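No value in this document is a laboratory result; all are computed from the given coordinates. Small disclaimer: the values here were computed from a predicted structure and weren't measured. All Cβ positions, even for glycine, are placed from backbone atoms using ideal geometry, and neighbour counts span all protein chains on display.
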Ligand code: UDP
């Protein structure tokens with residue numbers, strides 16, 4: 001089996017590549033290195049079953065060739081991180097819409113199964129906790145940049161399901177909730193790498209808002225294991241699955257836990273959302289996946305909890321060469 005991973009040099013994509021190679025499968029990565037990094041896949045280059053192409057996922061010619069070579073396509077290439085989304089809305093929308101369309105078109109020509117990586121952002125501001133796959137979605141207004149990301153990923157989901165319904169292209173959709181672990185960069189605003197780096201550097205740990213907002217963090221290794229199973233099974237086609245972990249913590253609680261686990265003397269400071277992102281920024285108070293469907297369908301059970309995740313991230317950040 002050979003898998004094409006778009007966005008394979010990114011945080012989740014590189015862990016997926018590693019997991020597939022460990023199972024003896026072949027991997028071809030297509031990544032333009034816009035937010036991914038070559039260092040994420042540097043250790044895979046010596047594996048004869050690994051290859052990569054540095055190019056844009058919207059390059060249809062490259063995609064056609066890459067798709068030809070592979071049996072299945074994991075489509076992970078997308079704009080990531082709330083900070084990037086707010087700062088570069090045009091790029092976000094274009095990458096997400098055009099990239100997915102290009103992948104689905106290429107896959108449909110050769111009838112290759114596609115896994116689309118979507119996001120819990122599509123649930124928007126919904127207050128019905130936990131979020132389950134058939135819930136209504138509550139997206140904010142179009143003058144707030146954050147929601148363009150949710151909408152573009154939601155259009156990707158619609159398009160994927162349309163390709164399944166109308167053209168019988170096997171497509172499965174995974175809504176990834178806050179996925180974390182080693183190699184995630186803090187550059188795009190993600191909270192765990194930010195907090196761990198701040199704590200290790202003795203800098204203030206920046207809690208945005210009042211810190212009462214809660215998140216549930218999934219270990220990237222649990223998440224990629226789920227993606228592989230969703231791809232392998234036939235009874236997942238044409239459907240949407242939540243993937244993540246459902247144990248919540250407040251963001252200020254997370255800051256305290258990071259401080260404790262790193263033994264840091266950093267102070268915890270509170271930064272208003274307007275300063276952290278943009279004026280009128282809307283955050284969601286809670287975001288928890290209902291994991292019933294994925295547990296029942298593929299027997300998914302997260303192996304790692306938050307303390308394991310933090311241990312792995314702290315060890316990774318301690319060992320990471322500082323520029
Ligand atoms: N956050 C924070 N400090 C940071 C980065 C993020 O308090 O340095 C908050 C952010 O406002 C959100 C939560 O942590 O409420 C998770 O943010 P992240 O960007 O990791 O993921 P999101 O859930 O927003 O997609």
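Where does each of 133-139, 281-287, 254-260 land if you order them by average Cβ count within 10 Å, highest first?
254-260, 281-287, 133-139
Tell me the mean residue ellipticity at 222 nm calculated for the chain from its helices only (DSSP H runs of n ≥ 4, each -39500 (n - 2.57), averaged over every residue, nearest 500).
Computed mean residue ellipticity for the chain: -13000 deg cm²/dmol.
Which whole-number percent is the relative contact order of the chain (Cα, under 8 Å, 6+ apart)?
Reported relative contact order: 17 percent.
By how many degrees, 0 to 90 and rounded to 10, does the Cα axis of helix 60-69 deviate from the longest principal axis of the chain?
Approximately 70 degrees, to the nearest ten.
Going by C-beta contacts inside 10 Å, put 120, 26 in order with the fewest on the left.
Ascending Cβ contact count within 10 Å gives the list 26, 120.
Where in the range 195-236 does the amide nitrogen come within less than 14 Å of the point 7 Å from the Cα of residue 271, taken along Cα to Cβ?
Output list for this probe position: 195-199, 203-211.
Where does each of 115, 21, 306 land when they are ranked from fewest to most other beta-carbon atoms within 10 angstrom?
21, 306, 115
Going by how many other beta carbons lie within 10 Å of each one, how would you line up 292, 35, fewest first?
Starting with the residue having the fewest Cβ neighbours, the order is 292, 35.
Could you give the length gained by full extension between residue 320 and residue 101, i.e. 0.36 nm per residue of separation minus their alpha carbon distance, to one decimal place?
That pair, residue 320 and residue 101, stretches by 75.2 nm at full extension.
Using the beta-carbon distance between residue 1 and residue 43 and R0 = 25 Å, what value does 1/(1 + (r/R0)^6) give for FRET efficiency, to the nearest 0.05?
0.70
Under 15 Å from a point 7 Å along the Cα-to-Cβ line of residue 308: which residues of the range 170-199 have their amide N that close?
180-182
Given R₀ = 35 Å, FRET efficiency for residue 201-residue 127 by Cβ-Cβ distance, to 0.05?
Working: r = 36 Å, r/R0 = 1.04.
Working from the Cβ atoms, E equals 0.45.
Could you check the spin-label model distance between residue 158 and residue 135? Points 7 Å from the Cα along Cα→Cβ, value in nm.
The modelled label-to-label distance comes out at 2.1 nm.
Where a ≥ b ≥ c are the square roots of the eigenvalues of the C-alpha gyration tensor, would you call the chain rounded, which needs a/c under 1.5, or, failing that, prolate if a/b is larger than b/c, or oblate? Walk me through the numbers on the way to the answer.
Numbers: a/c = 1.62, a/b = 1.35, b/c = 1.20.
Prolate, because a/c is 1.5 or more and a/b exceeds b/c.
What is the helix-to-structure angle for 306-319, meaning the angle in degrees between its Cα long axis and the longest Cα principal axis of the chain, kept from 0 to 90 and rounded to the nearest 10?
Roughly 90 degrees, rounded to the nearest 10.
For the pair residue 110 and residue 23, how long in nm is the line joining their label points, each one 7 Å along Cα→Cβ?
About 1.9 nm separates the two model spin labels.
Measure nothing fancy, just the Cα-based angle from helix 146-167's long axis to the longest principal axis of the chain, in degrees from 0 to 90, nearest 10.
20
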